[in-house]
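Just below is one structure, and these are the notes that go with it.
The values are calculated or read from the model by the stated rules, or taken from the named source; none is laboratory data. Remember, it's a predicted structure, so these values are computed and weren't measured experimentally. Neighbour counts run over all protein chains shown; Cβ positions are idealised from the backbone, glycine included.
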């Protein structure tokens, strides 16, 4: 079963479907498990209204008049809006679904679908969104903490992470062992690291984030 | 032809040479002259030989049994022979593919009967290669006009033949793909049209079950959701009806019918919708129309479709004046012309250009098959369906159908 507690309570299911009745019926189904639903008739309407800070997931029909589901997904990707997209596909749209998944869609479900299956997938998408937001928040906090270090503290941190003892660090930076000791304590405190292995993990993560940015 | 002529002349010259020799023997006085003539003839033969040897296409002589009497270097290359000894005296049929031997024999026979022929055949060369050859052949006659050999000029047409085959295969494949994709597209379109109402019904029903289980489904909600389910079931039924109409087109039963009668019956069939949406309908029917040869049910369906479209266009646009006019008159070409006009919003040029396309619809629940089917119905009867419209000026569908061939019209 899906861990409902992981989905943020404010998370909303955004439904985009040009078929008004289908959109309304999806709302009726999804609201039955007490999830907030917002429906849109076109991809454009959604893009105009949605703000990336809003947690949730997007349920899209691949076949739509005007901007197609695939095109909308492209735009989300360009804007780096990470909201998970759950595609609804019809008969003969398998190729489209494959394209969507390759382009980074979260999941797809084929019409006609089982309601439990659909609701499970929505829960999973919401959980993924919550998870993503949490790691994003963690990453930002980590970067902020690194930024709060002074130049000297950063140097000390990198050498500590490289596994050098205080004495060698002191020699390399032309400081006294006592000063290195102080810097090292400040680094651990500012980074909120409980142990050296903690600090190593943070430093690696930070390096990874910087290289992907 | 030049070759035959050349060989003819050569034969003639040879005869002349013998005559000349005989004369020389008798008349020594003219010996020198004849020697000169002989040299000239020899030179002439050499020149002819050189030309044939240098000829880029295969030149050969066959006897009546198909044995090779003579062949030039180009001919040797054509069958992958190294030297004349490989083929001289051999039967040409040794290289002809089995399925073409009979025809080849027939052509040789015809040439020996005095005809000129041209034909193509498949060969298996001495080198084991497969090729297509094309031969032009004619009889070679001696000085007395007796046919002494089959003379042919042959070229390799393998590349040309392959290109032809490929073009043919390509054409067949294209036709198949076009058929398949039309069917596939239609199946996908139908599936989508059916899936929409079915998905909605399932969502409404399952959502209701969950609400019932949680004990929070009000009486009003129940009423409204059941209404939605019913409407969507009807919508699915409508899609199926469209498909049935479409399928019916395949079993048409044309007979002599009067257009005015069909219009009257189409109006009767759509009367309910016309009245329900406050539309008035005016008929301006010419009563000296010739009969047409058509399936009355199909034409009626097409007319109903045009009327329904007009009603829907005016209703959707909220037109205050809702009027349909159906007019008939004889067309210039001796057929009939029908016009179905409405006082609706009309269409932009862009929309007008697409209305006859399959799966194009301006209606939210439209399948986009109606006008495309209507057009193919009219075209089945050798007629034409077109649209005259402009934004704000209503839409006017016109079609023409030729008169039935028989002059006798049904009552």
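Quick one: which residue in B:151, B:226 is more than 9 Å from chain A (Cβ to nearest Cβ), under 30 Å from residue B:58 (Cβ atoms), over 35 Å from the mean Cα position of the chain (by Cα) and at pLDDT 75 or above?
Working: B:226 fails: under 30 Å from residue B:58 (Cβ atoms).
Selected residue: B:151, the only one of B:151, B:226 that is more than 9 Å from chain A (Cβ to nearest Cβ), under 30 Å from residue B:58 (Cβ atoms), over 35 Å from the mean Cα position of the chain (by Cα) and at pLDDT 75 or above.
Examine region B:250-265 for a residue that is at pLDDT 85 or above, assigned to a helix (DSSP H, G or I) and touching a helix residue (DSSP H, G or I) at 6+ places or on another chain (Cβ under 7 Å), and state whether such a residue exists. I'd like the intermediate steps shown before the answer.
Step one: filter region B:250-265 for residues at pLDDT 85 or above, giving B:256-264.
Now drop any that are not assigned to a helix (DSSP H, G or I), which leaves B:259-264.
Now narrow it down to the ones that are touching a helix residue (DSSP H, G or I) at 6+ places or on another chain (Cβ under 7 Å): B:262-263.
Yes, the conditions are met somewhere in region B:250-265.
I'm told residue A:131 meets every condition in (1) within 22 Å of residue A:26 (Cα to Cα); (2) in contact with a helix residue (DSSP H, G or I) (Cβ under 8 Å, 6 or more places away or on another chain) except one. Can you identify the failing condition by its number?
(1)
Got at least one residue in region B:258-277 being over 22 Å from residue B:401 (Cα atoms) and in contact with a strand residue (DSSP E or B) (Cβ under 6 Å, 6 or more places away or on another chain)?
The answer is yes; a qualifying residue exists.
So in region B:115-130, with the set limited to residues that are touching a residue at least 40 places away in the same chain (Cβ under 8 Å) and in a strand (DSSP E or B), which one is farthest from the chain's Cα centre (by Cα)?
B:123
How many residues, within region A:13-53, are part of a loop (DSSP other than H, G, I, E, B) and surrounded by 16 or more Cβ atoms within 10 Å (Cβ to Cβ)?
Qualifying residue count for the region: 9.
Residue check: is residue A:80 modelled with pLDDT under 90, more than 15 Å from residue A:121 (Cβ to Cβ) and in contact with a strand residue (DSSP E or B) (Cβ under 6 Å, 6 or more places away or on another chain)? First the steps, then the outcome.
On the way: modelled with pLDDT under 90: yes; more than 15 Å from residue A:121 (Cβ to Cβ): yes; in contact with a strand residue (DSSP E or B) (Cβ under 6 Å, 6 or more places away or on another chain): no.
The answer is no for residue A:80.
Within region A:33-47, how many residues are under 21 Å from the mean Cα position of the chain (by Cα) and either within 14 Å of another protein chain (Cβ to nearest Cβ) or within 18 Å of residue A:68 (Cβ to Cβ) (or both)?
Selection size over region A:33-47: 4.
Step by step: first the residues of region A:137-156, then only those that are touching a residue at least 40 places away in the same chain (Cβ under 8 Å) and closer than 17 Å to residue A:211 by Cβ, then the one that is surrounded by the most Cβ atoms within 10 Å (Cβ to Cβ). Which residue is that?
Narrowing region A:137-156 to residues touching a residue at least 40 places away in the same chain (Cβ under 8 Å): A:139, A:142-143, A:145-146, A:148-149.
Going one step further and asking which of them are closer than 17 Å to residue A:211 by Cβ, we end up with A:139, A:142-143, A:146.
Values: A:139: 15, A:142: 18, A:143: 15, A:146: 21.
Going through the qualifying residues, I end up with A:146.
Taking region B:199-214, which residues are within 50 Å of the chain's Cα centre (by Cα) and more than 7 Å from chain A (Cβ to nearest Cβ)?
Initial filter on region B:199-214 (within 50 Å of the chain's Cα centre (by Cα)): B:199-204.
Result: B:201, single match.
Among the numbered criteria (1) exposed (fewer than 11 other Cβ atoms within 10 Å of the Cβ); (2) closer than 18 Å to residue B:136 by Cα; (3) at pLDDT 70 or above, which one does residue B:2 miss?
So the condition that residue B:2 fails would be (3).
Take residue A:21 and decide whether it is within 14 Å of chain B (Cβ to nearest Cβ), under 28 Å from residue B:236 (Cβ atoms) and modelled with pLDDT of 90 or more.
It is true that residue A:21 is within 14 Å of chain B (Cβ to nearest Cβ), under 28 Å from residue B:236 (Cβ atoms) and modelled with pLDDT of 90 or more.
For region B:229-242: of the residues being farther than 25 Å from residue B:373 by Cα and within 11 Å of chain A (Cβ to nearest Cβ), which is surrounded by the most Cβ atoms within 10 Å (Cβ to Cβ)? Talk me through it step by step, then tell me what you get.
Initial filter on region B:229-242 (farther than 25 Å from residue B:373 by Cα): B:229-231.
Next, from what is left, pick out any that are within 11 Å of chain A (Cβ to nearest Cβ): B:229, B:231.
Working: B:229: 19, B:231: 14.
It comes out as B:229.
Checking residue A:122 against (1) at pLDDT 90 or above; (2) within 14 Å of chain B (Cβ to nearest Cβ); (3) out of contact with any helix residue (DSSP H, G or I) (no Cβ under 7 Å at 6 or more places or on another chain): exactly one of these is not met. Which one?
Of the numbered conditions (1) at pLDDT 90 or above; (2) within 14 Å of chain B (Cβ to nearest Cβ); (3) out of contact with any helix residue (DSSP H, G or I) (no Cβ under 7 Å at 6 or more places or on another chain), the odd one out for residue A:122 is (3).
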